[in-house]
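The values are calculated or read from the model by the stated rules, or taken from the named source; none is laboratory data. Since the structure is predicted, the reported quantities are computational estimates derived from the model, not experimental observations. FYI the Cβ positions are ideal-geometry reconstructions off the backbone, even for glycines, and counts take in every protein chain you see. Ligands, DNA and RNA are stripped out before the accessible areas are found, and what is left, the full protein with its side chains, is counted by its heavy atoms. Shrake-Rupley method; radii C 1.70, N 1.55, O 1.52, S 1.80 Å.
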Amino acid sequence: MKLEYPSGYAMKNMWYPKGCSMIAYENLTEILDTCLKRKFIYIFGDSTLKQWYYYMESKLKTLQNFNLYEDNWSRQLLILDLQRNMKITWKRHTFPFITTSYGSWKEERTIAREIDLIRGDTRTVIILNIGVHFRSYPINYFIKRLYNIRRAIERLFRRSPETKVIIKTENISDMKKDYECLSDFHASIHYFIMEIILKGLNVGFVNGWDMTNAFDAKDVHPPEKVILNEVKMLMTYIC
């Protein structure tokens, strides 16, 4: 898939993508055995992808939390379904990561390095995003990080072309504070840079920018109706 303008529209709390038809289900449990069974889902990114993780955890009651012995907000997360041999993990993209809570740096690795450590196969799904934490920094850091991620994805596809990779773009934000550092002006630049650098890769895009615009969700952490549709778009790629 590729990023398109516009990539879809919203009506009656549903997202309708331009490039494909979204998978139809009422609840994630309906596709648990047909689609998610035996899947290893790796999520790398910021708190907007952490929302996906918590959404899936809340809807899939068979998933059990596994404590990785960290107690900070930005700690690595893991949920397991031993009966279905399934796991979902979330890990922050490393620095820059703006947070007011303490975070251990003992296992910090960039997304590119994390991808290099994954063997990849038909069961493997890698979901990633970067953006909002880079808004306060010179743009060259963001560009370099994206190029490294692209090269890691290319290496992954050379060894395991059947692996699925899904990339989420940034959300719009409320624009009420830290305007010069964190405004959507910087996010829009990130959006176009992401399109240029990741163009031509065999990946799926969940267009958070267009979706939060369409739902008029003026919050970097949108409400559940938006998360539901973002996850539905994700499941369309996975299934």
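When both bridge partners sit in the chain, DSSP labels roughly 40% of those beta bridges antiparallel. Among the GluC sites (Glu not before Pro) found in the stretch 1-65, those both in a DSSP coil and sparsely packed, with 12 or fewer other Cβ atoms within 10 Å of their Cβ, are E26.
Quick check: residue separation of Y147 and R84 times 0.36 nm, minus the Cα distance between them. What number comes out in nm? Write down the numbers at each step before the final one.
Details: separation 63, 0.36 × 63 = 22.68 nm, distance 3.55 nm.
Difference between extended and current length: 19.1 nm.
Checking (i) 46, 20, 16; (ii) 36, 22, 18; (iii) 24, 22, 19 against the coordinates, the calculated semi-axes √(5λ) of the Cα gyration tensor in Å falls under label (iii).
For the stretch 164-239: lysine pairs with Cα atoms under 22 Å, gap of 8 or more or different chains, count? Taking the stretch 164-239 as the scope, the lysine pair count is 9.
Near the amide H of H93, within less than 5 Å, lie the amide hydrogens of G45, D46, all on another chain or at least 5 residues away, with H placed in the peptide plane. At what distance in angstrom do the alpha carbon centres of the stretch 34-62 and the stretch 65-86 lie from each other? Centre-to-centre distance over Cα atoms comes out at 11 Å. Here the accessible area is traced with a 1.4 Å probe on the protein chains. For the chain, carbon and sulfur cover 53 percent of it.
Calculated mean residue ellipticity, 222 nm, the chain: -10500 deg cm²/dmol, from DSSP H runs (n ≥ 4) at -39500 (n - 2.57) each, averaged per residue and rounded to 500.
Sparsely packed loop sites in the stretch 142-229 (the trypsin sites (Lys or Arg not before Pro) outside DSSP H, G, I, E and B with at most 15 other Cβ atoms within 10 Å) comprise K176, K177, K199, K218.
Out of all DSSP beta bridges in the stretch 72-191, what portion is antiparallel? Express it as a percent rounded to 5. Provide the component values of the computation, followed by the final result.
Values: 5 of 9 bridges.
Bridges in the stretch 72-191 are about 55 percent antiparallel.
Which of P223, L49, C181 sits closest to the plus end of the dipole of the chain, meaning its Cα is farthest towards the positive end, when Lys and Arg get +1 and Asp and Glu get -1 on the C-beta? Checked the options; the winner is L49.
With a simple spin-label model that places each label point 7 Å from the Cα along the Cα-to-Cβ direction, the separation between K59 and F95 comes to 3.7 nm.
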